[in-house]
Amino acid sequence: MATLVHTLVDHSDDVNYCAFSSSCLATCSLDKTIRVYSLNNFTELPYSPLKGHTYAVHCCCFSASGRVLASCSTDGTTMLWDAGDGQVLAVLAQPSGSPVRVCRFSPDSTYLVSGAADGSLILWNMQSLKLYRSGNVKDGSLVACAFSPNGNFFVTGSSCGDLTIWDDKMRCLCNEKAHDLGVTCCDISSQPISDGEHGFTYFQMASCGQDNQIKLWLILFADFLGVELKYKCTLNGHSAPVLACAFSYDGQMLVSGSVDKCVIIYETTTGNTLHTLSQHTRYVTTCAFAPCSPLLATGSMDKTVNIWHFDLKQPCAANTVENESKVAVEDWSEDDVSAWLCAQDLADFVGLFKRNNIDGKELLNLTKESLANELKI
């Protein structure tokens, strides 16, 4: 059951994107601003709105710890903000000066990707705040990006319809024509799928486009096969171009927003529609699930952001304590460990723990020495 719990009406123009941290929601708009809200009561933080961009803000995202917020704009820059006080930490200028359409932190926040309208792609080093690698897609604007949960690769989507897989050295691993009229968004589930028979790991990805479709894919990595992008199925719930898609924390649900003004929530395993939400009065441009609470945000060209509360069986901060009493720590999955980290306000370490495949047994075996020497904590 999805229940509308709050509507934010502070932006004066189209809402282009929204993003959650474990404690905040950030929204950005054609009105050149980014606004930040507390998840406790959906009030705007004292330093909000953030004003620094000189043109429309297309995308925003939090680092894994939630301490840094990135935003990118038509003005050709990606700005980094301190999510604690709203101070500007850095202004990263796209070398070409082209409008920046999408930005994404790697899971451990070591890197930030910025993709621009001219197809240029920059991988920024977050420690030095310098350009680390650069690349270009063959055709079209870069409009979508998603990192794998282990941070070893990321996927970009272009207005020409291509999905491209890159490794963390910015080498192109795979390119696939996915949506005839252009990709608009893509997301990778935070829950890898293990193939017990062959020992391979799959990553599930969703992409959506101007062709009214959402496509589900499996990304497969194997030493002797390289990388393979396998088409899984198409979801045809929308009657107009699909502008946004996002997985829930547990990978069990997928949400999408469309020019048809509807938000659809699908069950990932079956492709069945769980909910259709039609409260927005204009195109739905963005949607996002919260990482550690059962909340969904949807933004629209109607200048509003709707916040929904829903029933989701997922490990999250709200129910971790209950889970701890029912499941012995040694039986925790990697996702249970991630949820526990969030609940302890240690979300910074989720990416690191996932990359090292730390489940309950591994967690119990960690020592001060192994934390310091192996995990550098």
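The values are calculated or read from the model by the stated rules, or taken from the named source; none is laboratory data. If you're wondering where the values come from, they're calculated on a predicted model, not measured in any experiment. Here Cβ is always computed from backbone atoms with ideal geometry, including for glycine, and neighbour counts include all displayed protein chains. In case anyone asks, the SASA skips ligands and DNA or RNA and just uses the protein heavy atoms, side chains included. Shrake-Rupley method; radii C 1.70, N 1.55, O 1.52, S 1.80 Å.
Compared with the alpha-carbon gap, the fully stretched path from Lys232 to Asn152 is longer by 26.6 nm at 0.36 nm per residue.
Partners of Lys215 within straight-line reach, counting lysines whose Cα lies under 25 Å from its Cα and excluding those fewer than 8 residues away in the same chain: Lys138, Lys177, Lys230, Lys232, Lys261, Lys313.
Rounded, prolate or oblate: which fits the stretch 88-214, taking a ≥ b ≥ c as square roots of the Cα gyration tensor eigenvalues, rounded meaning a/c under 1.5, else prolate when a/b beats b/c? Oblate, because a/c is 1.5 or more while a/b does not exceed b/c. Ligands, DNA and RNA are left out, and with a 1.4 angstrom probe the accessible area of the chain is 42 Å² per residue. Compute the Cα gyration tensor for the chain, then decide on rounded, prolate or oblate, letting a ≥ b ≥ c be the square roots of its eigenvalues: rounded whenever a/c is under 1.5, prolate when a/b is larger than b/c in the other cases, and oblate in all that remain. Rounded, since a/c falls under 1.5. For the peptides 365-377, 242-254, the ranking by mean Cβ contacts within 10 Å, running from highest to lowest, is 242-254, 365-377.
Rounded to a whole number, what % of the accessible area of the stretch 2-310 do carbon and sulfur atoms account for, probe 1.4 Å? Carbon-and-sulfur percentage of accessible area, whole number: 48.
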